[in-house]
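Every number here is computed from the coordinates shown, using simple stated rules; none is lab data. Everything numeric in this text was worked out from a predicted model, so none of it was measured. Positions of Cβ are backbone-derived with ideal geometry, glycine not excepted, and every protein chain shown enters the neighbour counts.
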Amino acid sequence: MTGDLAGEPAGVLAIGDHKFTSRLIIGTGGAASLDGLERALTASGTELTTVAMRRADLGSGSGVLDLLGRLGIALLPNTAGCRTAAEAVLTAQLAREALGTDLIKLEVHADDRTLLPDPIETVDAAQQLADEGFTVLAYTNDDPVTALRLEEAGCAAVMPLGSPIGTGLGIRNPHNIELIVARAGVPVILDAGIGTASDATLAMELGCDAVLLSTAVTRAQDPERMASAMRAGVTAGRLAREAGRIPQRFWAQASSPPR
Amino acid sequence: MRIQVNGESRELPDDSTVAGMLAALELPERGIAVAVDGVVVRRTEWARAVVGDGAHVEILTAVQGG
């Protein structure tokens, strides 16, 4: 694949029947204000944004839904906070009913301290949701075996973590991400752990199809500026992947002709 | 009759439907979903589905997250 003349990466991101030009998915958690969130989302160029499902506050509306509707950004509801497959399936069903989308970011957390995904519950829920016609994007460990199992269960995308949610520790096992990419038949979206733009670039250079992040932007000192940086980082990484990097060498190789 | 809505006790007229309950709670119908006793009630059923006495109702909406 080659980019067009403007230098933009080629191709669209297809997740199930949903197609996106942007390869940066933004989470809305952690934003200090809706105004700031709007500026960051606009700067990021994102076309898909996560929301969480929570008990409705009796007597108040949902500002974030109004905002995302106004910006024309597609909703990706998540199942954050669920500990079991049964909870995640019910939350997904409620999200589909509330928001009218079949997209679901499946996440089943094993414990509050690490927020690491529970692979057994996640695969179980993925199977049930795929059977019910959901377009499932599954949050998973950076484990190539679990990623394959999720794909077999019917997931439309697998989303391995770079490092635990909110840590900003970047991609701790790049080789595992490459292994996941090498065998995946569905899009691979690097989710969680991104701290700064170079992390997003690395994810794309490793062959990921997209990056999902929230804290790195919403809790940055200047979220709007960091959103721009992430957008550029994702684009740079994608272009570099398409361009084909040089092999790494142990010894120097002169780039000028010999005398 | 008395039901539990999101963990809070609420008084509703007997034989209220889901739609009637939402109106009584002054909730917008857009962007929310309803489960009664752990089962999702489809939007198309709201006008007909009756909420029983003592039912545990969960009403969810989208918030910032993820």
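Things to note:
- Once the Cα atoms are used to define both axes, helix A:85-99 deviates from the longest principal axis of chain A by about 80 degrees.
- Per-q log10 I(q)/I(0), chain A, q = 0.10 Å⁻¹ (Debye; single scatterer per alpha-carbon; no solvent): -0.47
- Computed helical MRE - 222 nm, the protein assembly as shown, DSSP H runs ≥ 4 contributing -39500 (n - 2.57), nearest 500: -10000 deg cm²/dmol
- Candidates per trypsin sites (Lys or Arg not before Pro) in the stretch A:93-168, loop by DSSP, up to 10 other Cβ within 10 Å: A:113
- The residue among A:12, A:73, A:100 whose Cα reaches farthest toward the positive pole of the charge dipole of chain A, with charges on the beta-carbon of Lys, Arg, Asp and Glu, is A:12.
- Relative contact order (%) - chain A, alpha-carbon pairs under 8 angstrom, separation at least six: 19
- Check: the stretch A:66-112 dipole with +1 on Lys, Arg Cβ and -1 on Asp, Glu Cβ, in debye: 160
- Loop-located trypsin sites (Lys or Arg not before Pro) across chain B with a Cβ neighbour count of 16 or fewer within 10 Å are B:30, B:42, B:48, with loop assigned by DSSP.
- Relative compactness, the stretch A:24-123, computed as alpha-carbon Rg over 2.2 N^0.38 Å: 1.12
- Summed residue charge, Cβ within 13 Å of residue B:39's Cβ, Lys/Arg positive, Asp/Glu negative: -3
- One equal scatterer on each Cα of the stretch A:78-232, no solvent, Debye formula: the resulting log10 I(q)/I(0) at q = 0.15, 0.16 Å⁻¹ is -0.74, -0.84.
- Antiparallel DSSP beta bridges within chain A, as percent of all bridges there, nearest 5: 15
- Debye-sum result for chain B in log10 I(q)/I(0), which assumes one identical scatterer on each alpha carbon, at q = 0.14, 0.26, 0.28 Å⁻¹: -0.36, -1.25, -1.46
- This model, with +1 at the C-beta of Lys and Arg and -1 at the C-beta of Asp and Glu, gives the protein assembly as shown a dipole about its Cα centre of some 1280 debye.
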